[in-house]
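For reference, the structure is listed below as structure tokens.
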Amino acid sequence: MTEIGRGFPAQETGTPMVAPMAEARPRRFSVHGQEITDPYAWLKAENWQTVLKDPAALPEDIAAYLKAENAFAEAALAGTVDLRKQLVAEMRGRIQEDESGVPDPDGPFAYYTRHREGGQHPLICRRPATSPHVPESGPDPDETILIDGDQEGEGLPFFEIAAAVHSDDHTRLAWSADTKGSELYTIRVRDVATGLDRDDRVEATSGEAVWAADGESFWYVALDANHRPAKVMRHRLGRAQSEDETVYTEPDAGYFVHIGKTQSGAFLDVTASDHETSEVRLLDRHVGDAPLRLVHPREPLLIYGVEHRGDRLFIRTNADGAEDFKIVTAPVDDPGRANWTDLVPHRPGVMIRHLHVLTGHLIRLEIENARPRIVVRDLGNGGEHSVAFDEEAYSLGLRAGLAFDTAVIRFVYSSMTTPSETWDYECASRNRTLRKRQAVPSGHDPAAYVTRRLFATAPDGEQVPISLLHRRDLPLDGSAPLLLYGYGSYGTLMPAAFRTSLLSLVDRGFVYAIAHIRGGTEKGWRWYLDGKREKKPNTFTDFIACARALIAARYTAEKRIVAHGGSAGGMLMGAVANMAPELFAGIIADVPFVDVLNTMLDAELPLTPPEWPEWGNPAESEAAFRTILSYSPYDNVAAKDYPAILALGGLTDPRVTYWEPAKWVARLRATMTGGGPVLLRINMEAGHGGAAGRFDRLEEVGLIYAFALMAVGKA
């Protein structure tokens with residue numbers, strides 16, 4: 001048994017508590033001629049699929065162990081209770097509790113979400129599009145609350161609304177919610193006039209819904225027995241779910257199915273994809289029994305997505321070697337690749353991330369060298385202009401909106417020092433209208449902070465961007481603690497955006513840094529390709545290079561850095577803990593994907609087949625097996641000193657299952673020679689996203705920040 005560790009006293013008496021030690025029940029198996037021993041495989045419940053739906057079904061021995069870990073973590077952090085309360089109070093003080101989103105017009109109405117004072121969950125609302133009401137000026141007398149999230153979630157340990165989609169005639173709302181955290185969404189239909197739900201209930205869906213134009217039916221995606229979105233179904237109002245019609249079934253377990261609606265409103269869009277190949281089908285929403293029409297059959301490594309205007313499709317694609325994507329057009333009646341015509345050509349290093357089409361304009365969101373911009377193209381004369389900003393590091397997002405016949409787009413801008421601003425932009429006149437500026441009720445002075453963009457040199461010479469935030473008056477002499485965040489997978493871009501919660505760390509003398517490591521797309525699609533499969537170790541060495549560059553620049557020092565990452569970023573945390581533990585005072589691994597080898601060998605898990613293009617298939621490829629085995633955090637725990645580690649998980653998480661952090665912590669405790677402590681906290685009532693209520697989430701953030709402060713001796 002191990003004691004909690006230095007710096008983490010659990011009791012006022014000074015009596016150290018001992019950590020739970022999971023029993024080793026070795027499971028041995030052989031892959032490509034190499035024997036693998038998994039001492040904690042028993043922590044994976046054999047009935048895990050049932051547990052996703054009913055957490056009470058968790059076997060008693062596993063439940064007892066997880067509860068013991070939670071009790072130990074709480075005891076280890078008992079000295080931070082007052083600090084956590086203070087952190088939560090600060091973070092809550094920066095939230096405008098009765099915040100309202102900017103209404104999004106669609107015909108006679110404008111739709112938006114807002115929160116009430118003290119409310120945990122959003123209210124889905126609408127008002128007449130002609131209402132002159134300003135969102136910041138209190139309740140709109142013409143407002144209709146369509147879904148009251150606080151009311152619907154009352155008394156439930158977990159509640160999260162996934163979608164609320166109105167019919168074309170605005171009389172009905174298809175809305176979906178999850179009450180377990182397991183991402184098994186139930187769709188209901190609400191009659192707007194009465195405010196009551198119909199008897200229609202569609203269970204075990206992905207949460208997506210698209211209405212047919214007549215409002216008498218909607219399409220949704222059904223999950224299969226392994227929790228994968230695999231079928232597109234059509235539900236006709238008034239019928240039982242058992243009578244729903246199958247519109248599309250995906251035959252390949254490695255492809256997930258998603259649905260949407262083209263901005264024009266003409267088509268249902270059915271996309272089947274993995275991480276490197278996609279295929280799109282369209283269905284006319286205005287024709288009762290219209291068939292699905294394939295745009296172009298899937299080809300290995302071909303990615304494309306579709307928008308529509310008139311008799312043309314507008315397609316964002318990497319076809320013909322367009323690594324950073326290009327935009328082509330094709331006739332609606334014959335949209336195959338043979339008829340694709342370049343409209344916006346490929347430019348290496350300038351990645352087209354998103355495409356948006358209106359009646360008269362094509363809008364794209366690009367990123368070059370980790371700096372985003374919006375480009376507007378007049379579809380009448382072909383002229384283009386861009387919308388960009390001058391800060392070294394900033395976040396820029398394009399909001400699609402509900403309308404198609406408009407020349408107005410909406411974008412959201414922020415930086416690590418500048419609160420979020422929502423702007424409406426008139427594409428023809430180029431006039432901007434500020435619709436909302438994020439309020440910070442407790443006060444915020446952007447001039448008191450500095451945001452910077454630095455670059456670290458990776459071992460192979462690549463320049464890795466780093467976004468920084470710190471107080472302007474902070475001495476940059478190497479004494480400051482630093483929270484270094486990283487993700488680096490799936491091509492996900494980490495925006496340098498404003499987050500009010502971070503101020504609680506920064507105001508206590510922390511530097512906050514985002515490592516824009518390979519595996520993301522901050523420097524284009526190549527940046528992603530250089531951080532996946534056999535090149536995955538670049539993600540880890542990039543992060544370590546960023547840590548060392550920040551030390552060399554005297555922003556911090558060894559053992560003053562707390563590393564933070566979640567999900568696939570949690571894999572990063574486990575890898576760097578094994579590779580360079582001497583750099584870090586603490587590691588925070590949020591729902592961490594740390595049992596990579598075992599998960600990628602288990603084809604029954606929800607995400608495994610779709611993940612093989614990302615990591616490789618170790619069952620079929622010995623090379624992939626060797627690569628994954630070389631870095632899988634659980635399999636590379638060694639007899640060495642580790643920094644303090646906080647691992648967080650969710651019992652009903654279908655993405656990174658609870659047993660991954662549980663097994664990792666058990667092996668660390670049994671193997672490490674010193675350091676720590678190693679703490680595990682499993683949310684027994686939530687899944688991948690943690691707590692659903694906005695204030696409950698602050699409790700989790702407060703725990704993370706208190707751990708970070710404690711790890712560097714500032715608690």
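Computed from the coordinates by the stated procedures, all read-outs in this text should not be read as laboratory data. Just so we're clear, the structure is a prediction, and the values are computed from it rather than from any experiment. Cβ placement follows ideal geometry from the backbone for every residue including glycine, while neighbour counts extend to all protein chains displayed.
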Starting from the Cα-Cα distance between ASP252 and ALA24, subtract it from 0.36 nm times their residue separation and give me the gain in nm to one decimal.
78.4 nm
Out of GLY107, PRO677, ALA24, whose Cα points farthest toward the positive end of the dipole of the chain (charges: +1 Lys, Arg; -1 Asp, Glu; placed on Cβ)?
PRO677
Would you mind checking the tilt of helix 568-579 against the longest principal axis of the Cα atoms of the chain, expressed as 0 to 90 degrees and rounded to 10?
30
Given backbone amide H placed at 1.01 Å from N, residues whose amide H is under 5 Å from that of ALA715, ignoring those fewer than 5 places away on the same chain, are MET710
Among 258-271, 399-412, 176-189, how do they line up from the highest to the lowest mean number of other beta-carbon atoms within 10 Å?
176-189, 258-271, 399-412
The stretch 536-621: C-alpha pair distances exceeding 19 Å, %
44
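When the Cα atoms of the stretch 421-519 are enclosed in a convex hull and the volume is divided per residue, what value in Å³ results?
So the per-residue hull volume is 158 Å³.
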Show me, bin by bin at 5 Å from 0, the whole-percent P(r) of the stretch 453-711 based on Cα pairs.
1, 6, 14, 18, 20, 18, 13, 6, 2, 1, 0, 0
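Defining a contact as two alpha carbons under 8 Å apart and six or more residues distant in sequence, what relative contact order in percent does the stretch 453-711 show?
16
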Output the peptides 77-86, 498-507 sorted from most to least packed, where packing is the average of other Cβ atoms within 10 Å over each peptide's residues.
498-507, 77-86
Based on the Cβ-Cβ distance of GLU699 and ARG198, what FRET efficiency does E = 1/(1 + (r/R0)^6) give at R0 = 41 Å, to the nearest 0.05?
0.70
Based on the alpha carbons, how large is the Rg to Rh ratio for the stretch 117-258 when Rh follows Kirkwood?
1.01
Contour minus end-to-end for ASP150 and LEU292, with contour as 0.36 nm per residue of separation and end-to-end as the Cα-Cα distance?
47.3 nm
Expected sort for 242-253, 416-427, 649-660, 702-713 on mean C-beta neighbours within 10 Å, highest first, is 649-660, 702-713, 416-427, 242-253
Subset of LYS85/LYS180; LYS559/LYS640; LYS326/LYS532 violating a 19 Å alpha-carbon distance limit
LYS85/LYS180; LYS326/LYS532
In terms of the ratio Rg/(2.2 N^0.38 Å) built on C-alpha atoms, what value belongs to the chain?
0.95
What angle do you read, to the nearest 10 degrees and between 0 and 90, between the alpha-carbon axis of helix 659-671 and the longest principal axis of the chain?
20
Would you mind calculating the gained length between THR406 and ASP82 on full extension (0.36 nm times residue separation, minus the Cα-Cα distance), in nm to one decimal?
111.5 nm
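May I ask you to derive the relative contact order of the chain, considering only C-alpha pairs under 8 Å and at least 6 residues apart, and to give it as an integer percent?
This gives 11 percent for the chain.
Helix-only estimate, please: 222 nm mean residue ellipticity of the chain, summing -39500 (n - 2.57) across DSSP H runs of length 4 or more and dividing by its residues, to the nearest 500.
That calculation yields -5500 deg cm²/dmol at 222 nm.
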With r as the distance between the Cβ atoms of LEU529 and ALA670 and R0 = 35 Å, compute the FRET efficiency 1/(1 + (r/R0)^6) and round to 0.05.
0.40
First measure r as the distance between the Cβ atoms of GLU622 and LYS714, then evaluate 1/(1 + (r/R0)^6) with R0 = 41 Å and state the FRET efficiency to the nearest 0.05.
0.30
What distance in nm separates the simple spin-label points at ASP142 and ASP602, each placed 7 Å from Cα in the Cβ direction?
5.4
Only Cα pairs under 8 Å and at least 6 apart count here; give the relative contact order of the stretch 18-121 as a rounded whole percent.
16
